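The values are calculated or read from the model by the stated rules, or taken from the named source; none is laboratory data. Remember, predicted model here, so these are calculated numbers, not experimental data. Reconstructed Cβ throughout: ideal geometry from the backbone, glycine too, with neighbour counts over all protein chains shown.
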């Protein structure tokens, strides 16, 4: 009886094992994982180098009086826009007018002396013809005329100098631009006529305005080698509270030497500023076009994986098998990564589900489309990886 029970249990276990094997074989291998695939987006992009710089006034003047005196009146409002030659201050002109009158009187006296000297010379020359005077006396009269004429020239120069002093009692704007506040009020005595004179106010020209930044030696060399056609590189700038690069200009100047301490060179761009919104001293982030527009393949940046020291993307071949393709990366453009080499425009790139994909293993592809959402309101541009601390200020033409 016991032997019969053991045999029954053995038959039951064997049946269960065969049943499991049959069900497993009936189900087959697990299904291939599902992934999202898309062909690379083919679009036109521009490589931009990014830098940080500061706005500077193309002209800045400390207004000083060219003569000293008392301030009689101030003729501008603090912060207003002034034109070149516009009256800003008037000084008490009475001392200058008195000095001018004295200089004119001395000039008249010198002219009278010239007239007398010429008359005496003419008389001496007539007497010389009848041998009434000596030649030496005539020469003395002629020298007296020359001396008197020199005195007239000197007094006339003094008159012109005093006339300038009277003119300089009217302090006018040397340039057009935005004036600062007045540093002195009417009734104050100010010095003038030298660089140490009192500063009455300052004027800065800001339309157009300059944007100054620095670029590395490597970036400078690349720009210079590509600057064969003489065109200026475009630049776009945004302020610290702006999301878009709304300010446009062109690079018009590069310094004449590279700083050996930092290995950078100073560059300058001209930016239109008709409404005067941009002020000297403001910081800005700039993009300088590093290349002419070109056709590029773009994939989501998340589709790029790291395989030790190389970058790869996973591609699904015609048999739906995953293949790892080493790629050369370019810059980001609106969240998409430029792929310079390694894939074709017809390849099916895995854009979602990379963790479920293994090279050499089959997958179930689901086709989707890559969409590009511009982050810059002005244009779809690329963000180049930081190439330098700053850029140069010289004619930076576009690269071809």
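Is it fair to say residue 186 is touching a residue at least 60 places away in the same chain (Cβ under 8 Å) and either surrounded by fewer than 18 Cβ atoms within 10 Å (Cβ to Cβ) or touching a helix residue (DSSP H, G or I) at 6+ places or on another chain (Cβ under 6 Å) (or both)? In short, yes. What about residue 282, is it assigned by TED's automatic domain parsing to the domain that holds residue 370 and over 25 Å from residue 334 (Cα atoms)? When the stated conditions are applied, residue 282 passes them. Taking the conditions (1) within 14 Å of residue 38 (Cβ to Cβ); (2) surrounded by 13 or more Cβ atoms within 10 Å (Cβ to Cβ); (3) at pLDDT below 90 in turn, residue 349 satisfies each one other than (3).
When the residues of segment 221-242 are filtered to those that are outside any strand (DSSP E or B) and at pLDDT 80 or above, which remaining residue is surrounded by the fewest Cβ atoms within 10 Å (Cβ to Cβ)? Ranking the candidates gives 241 first.
Of the strands (runs of 3 or more DSSP E) lying entirely inside segment 262-354, the ones with 3 or more residues being farther than 30 Å from residue 207 by Cα are found at 294-300, 304-307, 310-316, 322-326, 328-333, 336-341, 348-352. When 35, 42 are checked against the criterion of being buried (at least 17 other Cβ atoms within 10 Å of the Cβ) and either closer than 30 Å to residue 266 by Cβ or modelled with pLDDT of 80 or more (or both), a single residue qualifies: 35.
Sub-9 Å Cβ pairs linking a first residue in segment 206-220 that is in contact (Cβ under 8 Å) with a residue 60 or more places away in the chain to a second residue that is crowded, with 18+ Cβ neighbours inside 10 Å and part of a helix (DSSP H, G or I), at least 6 apart or interchain, are 215/223, ordered by first then second residue.
Do we find that residue 359 is assigned to a loop (DSSP other than H, G, I, E, B), touching a strand residue (DSSP E or B) at 6+ places or on another chain (Cβ under 7 Å) and more than 30 Å from residue 216 (Cα to Cα) in this structure? Yes: the conditions hold for residue 359.
Among the residues here, residue 265 does not qualify as closer than 20 Å to residue 42 by Cβ, assigned by TED's automatic domain parsing to the domain that holds residue 50 and surrounded by 17 or more Cβ atoms within 10 Å (Cβ to Cβ). Selection over segment 133-155 of residues that are under 28 Å from residue 102 (Cα atoms) and out of contact with any helix residue (DSSP H, G or I) (no Cβ under 7 Å at 6 or more places or on another chain) gives a count of 6.
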